[in-house]
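All remarks here apply to the structure that follows.
The values are calculated or read from the model by the stated rules, or taken from the named source; none is laboratory data. Worth saying up front: this structure is predicted, and the values here are computed from it rather than measured. Positions of Cβ are generated from backbone atoms using ideal geometry, with glycine treated the same way; all protein chains shown enter the neighbour counts. All accessible areas refer to the heavy atoms of the entire protein, side chains included, with ligands and DNA or RNA removed. Shrake-Rupley method; radii C 1.70, N 1.55, O 1.52, S 1.80 Å.
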Amino acid sequence: MLGRTLREVSTALKQGQITPTELCQKCLSLIKKTKFLNAYITVSEEVALKQAEESEKRYKEGHSLGDLDGIPIAVKDNFSTSGIETTCASNMLKGYVPPYNATVVQKLLDQGALLMGKTNLDEFAMGSGSTDGIFGPVKNPWSYSKQYRGKKQQKTHGEDEDSNWLITGGSSGGSAAAVSAFTCFAALGSDTGGSTRNPAAHCGVVGLKPSYGLVSRHGLIPLVNSMDVPGILTRCVDDAAIVLGVLAGHDPKDSTTVQDPVKPFMLPSLTDVSKLCVGIPKEYLTPELSSEVQSLWSKAADLFESEGAKVIEVSLPHTSYSIVCYHVLCTSEVASNMARFDGLEYGHRCDVDVSTEAMYAATRREGFNDVVRGRILSGNFFLLKENYENYFVKAQKVRRLIANDFVNVFKSGVDVLLTPTTLSEAVPYLEFIKEDNRTRSAQDDIFTQAVNMAGLPAVSIPMALSSQGLPVGLQFIGRAFCDQQLLTVAKWFEKQVQFPVIQLQELMDDYSSIFENEKLASVSVKQR
């Protein structure tokens, strides 16, 4: 069951082939067995089993709530969950239990989804490796896959297997690993500069960043209010569309959400792409891009062309300024948002009682790691009275130019843009930590952050395995609020490339049973 898509499992639940409790227990046992991946910070076993019991009653009475009823999901630990600790992987919020649910969490629970737990991340979602939280780094399930191990053994002998594991990407690495390792069918991430798409590409799953304003941010602990969007991680495009259909729409608690009613996201099966125009931004061909990702990117463009789509090179002239512009705006908003963690109302509070100022300072020094403190310092520098015009205001103007670049390209008749998601496939942890967080984030967000500044929808789709046997994802970018069109194109692409299923049999017996019993299912997963 665990290898199937969300929709297939939903059908199996409706037909009584499996009960929500059995499904929940399967996922829980797999979560325990894959504990070493460090994907989860909190496993909400009792909550999930209780929800499964309620779901089971509904199925027995023939009153299922919809496609998500009884489906195990996971939530990144920067979304508030009522009665369940929410830490943002920081000492500042260790032990903090919110009194309310984030809107997106509530919407999933209202549809009968089972909350398996809260997933690991970089502290306060600042990073691109999921290596900087206080609960330690997340390990990429592909480090243990037959595909990667097989390729590695040919090359190296006698190297320490255990120290060579790969990062998941970030900052939603826990959610990506949880979906990739079959411990849940969908997970929530957040995406401020690429935090859902980057780990999706590294873990071989689908990572969707919806249009800004389509999905409520209420209860998502903010990093950058003007760019944060809840993200969706699933194993196929259809599943992402189902979840988006549940999450999208106006929320009175988030004034930045769209007012118009949102129709359900049913994805038509695209058979003919001849009317489609795909743009390839020439500025995204950077020297740092690995030759393998570049060649897969070209292959994808050729695939569209060979099926009759119009593929044209386009220009986003302000691309080279975007990462610097993003850094100024991001750190400025971070500095403003992090001011709320002062030790007074919630979260960590130090023991210093000399004065209020000393208490503030000590609380923040103990509560935040270097990365978060560094971004707060940068942001406060940009917001100083004497710097404000030169940095913050100027960056806002550049942001407008970047957004206009996209507007102009879409006005010229382009339907979607096709770009890489990441510069290369996942790298080993020991390699990754040679660079500091800021350098890494600047490199890793290069293809993803401009989309956040422009508020557009984008999705990373796994395309193929690299020569090392690791997943490579490509990104599709759509017009604002044309999320359905974007996903329809992505679904067509997914069907064409038939990305292979991760093979984790060597890891544990449970997985062999997933695949032995699922020979048919894994084939049907590929063909969707």
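Observations on the model:
- Taking amide H as placed 1.01 Å from N in the peptide plane, the amide H of T422 sits under 5 Å from that of G473, each at least 5 places away or on another chain.
- The distance between label points at T256 and H63 comes to 3.8 nm (points 7 Å beyond Cα on the Cα→Cβ vector).
- Across q = 0.09, 0.11, 0.13 Å⁻¹, the chain modelled as identical point scatterers on its alpha-carbon atoms has Debye log10 I(q)/I(0) values of -0.60, -0.91, -1.30, in the order of the q list.
- The amide H of V311, built 1.01 Å from its N in the peptide plane, has V278 as neighbours under 5 Å, considering only residues 5 or more places off or on other chains.
- Dipole of the chain, positive direction: furthest Cα of M126, G66, M116, with charges on the beta-carbon: G66
- Global size of the range 1-153 as Cα Rg and Dmax, reported in angstrom: 16.7, 53
- The orientation-averaged projected area of the convex hull spanned by the Cα atoms of the range 347-478 comes to 12.3 nm².
- Average projected area [Cα convex hull, the range 1-51], square nanometres: 3.8 nm²
- Relative contact order of the chain, defined on C-alpha pairs under 8 angstrom at six or more residues apart (%): 17 percent
- Take the convex hull of the alpha carbons in the range 176-221; its mean projected area over all directions comes to 3.5 nm².
- Maximal additional length on extending the Q443-K411 stretch stands at 8.6 nm, based on 0.36 nm per residue less the C-alpha distance.
- Spin-label zone in the range 82-106 - amide nitrogen under 16 Å from a point set 7 Å from the Cα of V352 along the C-beta vector: 92
- Cα radius of gyration and Dmax for the range 136-265 (Å): 17.2, 60
- Simple point charges give the picture: +1 on the Cβ of Lys and Arg, -1 on the Cβ of Asp and Glu, and for the range 353-450 a dipole about the Cα centre of about 420 debye.
- Its Kirkwood hydrodynamic radius, worked out from the mean inverse distance over all distinct Cα pairs, puts the range 231-364 at 20.7 Å.
- Three-way shape label, the range 188-288, alpha-carbon gyration tensor, a/c 1.5: oblate
- Net dipole in debye of the chain [+1 Lys, Arg Cβ; -1 Asp, Glu Cβ; about Cα centre; nearest 20]: 740 debye
- The range 432-513: Cα Rg divided by the 2.2 N^0.38 Å rule of thumb: 1.41
- Using 0.36 nm per residue and subtracting the Cα-Cα separation, the extra length available between R149 and S336 on full extension is 62.8 nm.
- Lys, Arg +1 and Asp, Glu -1 on Cβ, resulting dipole of the range 1-140 about Cα centre, debye, nearest 20: 320 debye
- In the range 61-144, one over the average inverse separation of all distinct C-alpha pairs is 14.0 Å, which is the Kirkwood hydrodynamic radius.
- Accessible solvent surface per residue of the chain, calculated while the other protein chains remain in place, 1.4 angstrom probe, Å²: 39 Å²
- With helices as the sole contributors, the chain gives -12000 deg cm²/dmol at 222 nm; each DSSP H run of n ≥ 4 counts as -39500 (n - 2.57), and the sum is divided by every residue.
- The range 378-455 shape via C-alpha gyration tensor axes, a/c threshold 1.5: oblate
- Each 10 Å bin from 0 upward holds the following percent of the Cα-Cα pairs of the range 219-270: 20, 45, 30, 4.
- Gyration tensor (alpha-carbon) shape descriptor, the range 350-399, a/c threshold 1.5: prolate
- Calculated FRET value between S306 and K35, using beta carbons and R₀ = 45 Å, to 0.05: 0.50
- Of the residues N91, Y40, H202, the one whose Cα sits farthest toward the positive end of the charge dipole of the chain, with +1 on the Cβ of Lys and Arg and -1 on the Cβ of Asp and Glu, is H202.
- Rounded percent of accessible protein surface that carbon and sulfur make up, the range 1-146, 1.4 Å probe: 49 percent
- Virtual spin-label span in nm between L401 and I433, 7 Å along Cα→Cβ: 4.0 nm
- Mean separation of Cα contacts under 8 Å, 6 or more apart, over the residue count of the range 199-253: relative contact order %: 41 percent
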